[in-house]
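Single-structure report; data block below.
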Amino acid sequence: MVIAVLRSEGRRFGLVVDRVINTEEIVVKAVGGQMKAIGLYSGATVLGDGTVALILDVQALARRALRAETNERQDSQKAAAHAAAASETERQRMLLAAIGGGRRVAIPLDTVTRLEQVRTESVEKVGNREVVQYRGAILPIVRLDRHLGAYGETDREVLEVIVYADHGRSVAIVVEEILDIVDGEAAVRSDIDDLGLLGSAVLGDKVTELLDVRAAILAADPQFYSGHPTALHSSSTPTGVSDSLLEV
């Protein structure tokens, strides 16, 4: 293998060639538009024996080589980041909840601020959105069964609510039942998902859907991450909300 070491813009890179024939003084001639469009040739010359030789554009080759190197490095970094995220997810503790139709979802426990029970009669409407008064604020509600297309029971007197709070804002995520808290490490994981999910895994010997928490929060409050509060604070005492069941 013969490698010609080239230098461009202070960087060196190797160009693999079959063999080195000779060095010559040449007169550079322009090439046509079609050859220029390739982006690898800066011109052409006629050798002493009458043969036409194309002249490589070293800078263009360098840019391509460095771009490929950068892309490979970025791909490697992304793969490492994804692997680290997957590993972190596996170490997370997960809250398991039922949402109807025999379906279960797993929610990272670090996204759960409180678990509450809310009486159905305390749910009110703002436009087409359901809300509930909670600790001096109006919390938007997302029902996971409807959000994920499960459509569980509709005649319950008491709703199981997962409260997520961040930077002074909160949303209420309604589930059918709180089942358990388990370690997030799963022997079997899958990228099989659907709208509102990040995939699935076997947790507690059952296939469990992995909730896209961000999507659920945005379904309750589309402005939650925008930095412009939409929750209206109230001085009235919250009604229909029980004492906290869990704090993390």
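The values are calculated or read from the model by the stated rules, or taken from the named source; none is laboratory data. A quick note: this is a predicted structure, and the numbers were derived from the prediction, not measured. Methodologically, a virtual Cβ is constructed for each residue, glycine included, from the backbone with ideal geometry; neighbour enumeration extends over all protein chains shown.
At a glance:
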| item | result |
| --- | --- |
| Members of the stretch 184-203 that are exposed (fewer than 13 other Cβ atoms within 10 Å of the Cβ) and touching a residue at least 40 places away in the same chain (Cβ under 8 Å) | 194, 195 |
| Selection within the stretch 168-182 - touching a helix residue (DSSP H, G or I) at 6+ places or on another chain (Cβ under 8 Å) and in a strand (DSSP E or B) | 171, 172, 173, 174, 175, 181 |
| From 204, 168, 149, 199, residue being on the phi > 0 side of the Ramachandran plot and touching a Leu at 6+ places or on another chain (Cβ under 6 Å) | 199 |
| Count of residues meeting criterion [closer than 14 Å to residue 61 by Cα and either in contact with a strand residue (DSSP E or B) (Cβ under 7 Å, 6 or more places away or on another chain) or outside the structural domain of residue 60 (by TED's automatic domain parsing) (or both)] in the stretch 4-42 | 12 |
| Residue list for the stretch 146-181, filter: of a type in the set (Asp, Glu) and surrounded by fewer than 20 Cβ atoms within 10 Å (Cβ to Cβ) | 153, 155, 157, 160, 166, 177, 180 |
| Selection count where residues are loosely packed, with under 15 Cβ neighbours inside 10 Å and of a type in the set (S, T, N, Q), scope the stretch 26-66 | 3 |
| Strands (runs of 3 or more DSSP E) (entirely within the stretch 95-167) containing at least 2 residues that are within 20 Å of residue 213 (Cα to Cα) and in the same structural domain as residue 224 (by TED's automatic domain parsing) | 103-108, 114-119, 129-134, 137-143, 158-166 |
